[in-house]
Amino acid sequence: MKVRIVYWLAILRTSYWFLPCLLTIGSLILAFVTVELDKSDAVDLGKHLEWILMAGPEGARAVLSVIATGAVTIASLTFSITIVALSLTSTQFGSRLLRRFMQEQANQLVLGIFLGTFVYSLEVLRNIDSFDDTT
């Protein structure tokens, strides 16, 4: 049983999509938590952060849509460059370098951060109320 667990952990570790999926799920959970914190009356950040919140819901929508667009653009560009690099190295150096590249956690972390930022921005953007209650 221990051998199977070690085997599956090794497969997950070498998977290119495991860490990006974890970071994306984490950012989705963070978005739910922050939206619920904002909706509850337990924390009132409006008093302390009035200089940030001057734009209202429309300004927040604009900022979040720009962040989401930029994050998905950079994520797709990063993934495309990764695929090009992998195809070039596989033809010239062989499959051992591909396996090493897929295990590199820095590449997975970069892709996960960009995808997580995109998912977080979309989820918070979806939950912005269209009517401002403070006016």
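The values are calculated or read from the model by the stated rules, or taken from the named source; none is laboratory data. The structure displayed is predicted, hence computed values, not measured ones. Note: ideal-geometry Cβ built from the backbone for every residue, glycine included; neighbour counts use all protein chains shown.
A few notes on this one:
- Members of region 58-73 that are without any contact (Cβ under 8 Å) to a residue 24 or more places away in the chain and among the charged types (D, E, K, R): GLU58
- Members of region 90-126 that are assigned to a helix (DSSP H, G or I), at pLDDT 80 or above and surrounded by fewer than 13 Cβ atoms within 10 Å (Cβ to Cβ): THR91, GLN92, GLN105, ALA106, ARG126
- Region 30-61, residues that are modelled with pLDDT under 90 and closer than 17 Å to PHE118 by Cβ: THR34, VAL35, ALA60, ARG61
- Note on region 1-38: residues that are under 23 Å from the mean Cα position of the chain (by Cα) and either free of Cβ contacts under 8 Å to residues at least 40 places away in the same chain or in a loop (DSSP other than H, G, I, E, B) (or both) amount to 12.
- Positions within region 1-28 being closer than 24 Å to VAL119 by Cβ and aliphatic (A, V, I, L, M), in sequence order: LEU12, LEU19, LEU22, LEU23, ILE25, LEU28
- Among the residues of region 74-89, those that are touching a residue at least 24 places away in the same chain (Cβ under 8 Å) and either β-branched (Val, Ile, Thr) or loosely packed, with under 11 Cβ neighbours inside 10 Å (or both) comprise ILE74, THR78, THR82.
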